[in-house]
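Inspection log for the structure reproduced underneath, given as structure tokens.
The values are calculated or read from the model by the stated rules, or taken from the named source; none is laboratory data. Please read all numbers here as calculations on a predicted model, not as lab measurements. Note that each Cβ is placed from the backbone with ideal geometry, even for glycine, and that neighbours are counted across all protein chains shown.
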Amino acid sequence: MTNDDADADRDLLGHVLLPVATEEDARTTAAALEPYDPGRVTALHVVEKGGGTPDKTPVEQSEELAEEAYAAVRAFFPGAEDHTAYGRDVVDAILAAGEEVGATAVAYRPRGGNRLVQFLSGDRSLRLVTEADRPVIALPRDESGE
């Protein structure tokens with residue numbers, strides 16, 4: 001490992017894992033991360049599997065969504081890598097992907113929704129922040145609240 005690699009390992013933004021769901025989400029999330037000038041970015045799309053029940057969307061459709069999202073991230077970070085994870089639990093998949101790619105941090109934009117929606121969905125943001133084994137960065141939402 002070179003000194004540059006060692007510095008990147010200690011740098012919070014040395015290698016950021018950027019979970020994205022759709023092309024629009026990827027665009028707004030990457031735009032929110034761009035001003036912080038991360039050293040390396042890996043875009044992550046999680047294909048939710050049903051775990052014994054029908055999948056939310058067909059795998060082929062989910063993989064197409066992932067490719068569109070990756071392209072949107074690369075508009076901001078041309079050298080961005082991509083990583084597709086498959087799992088029943090999105091938070092667990094994000095945390096496992098962080099380990100797999102060696103990310104120094106996970107950066108995400110909190111999704112909207114009132115407290116009832118967050119409660120019913122298990123509040124993924126809370127789980128991501130409290131269960132992570134690496135820093136989690138909540139990127140600011142734009143002024144329109146999107």
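Pick from the range 54-103 the residues that are basic (Lys, Arg) and within 27 Å of Asp123 (Cβ to Cβ): which of them is farthest from the chain's Cα centre (by Cα)?
Filtering the range 54-103 for residues basic (Lys, Arg) gives 56, 74, 88.
From the residues that got through so far, the ones that are within 27 Å of Asp123 (Cβ to Cβ) too are 56, 88.
Working: Lys56: 19, Arg88: 16 Å.
Taking the candidates together, the pick is Lys56.
I'm trying to understand the selection: among the residues of the range 1-24, which are assigned to a helix (DSSP H, G or I) and either modelled with pLDDT of 95 or more or within 16 Å of Ala103 (Cα to Cα) (or both)? Don't jump to the end; show me each part of the working.
Pass one, the range 1-24, residues assigned to a helix (DSSP H, G or I): 3-10, 23-24.
The answer is Asp4, Asp5, Ala6, Asp7, Ala8, Asp9, Arg10, Glu23, Glu24.
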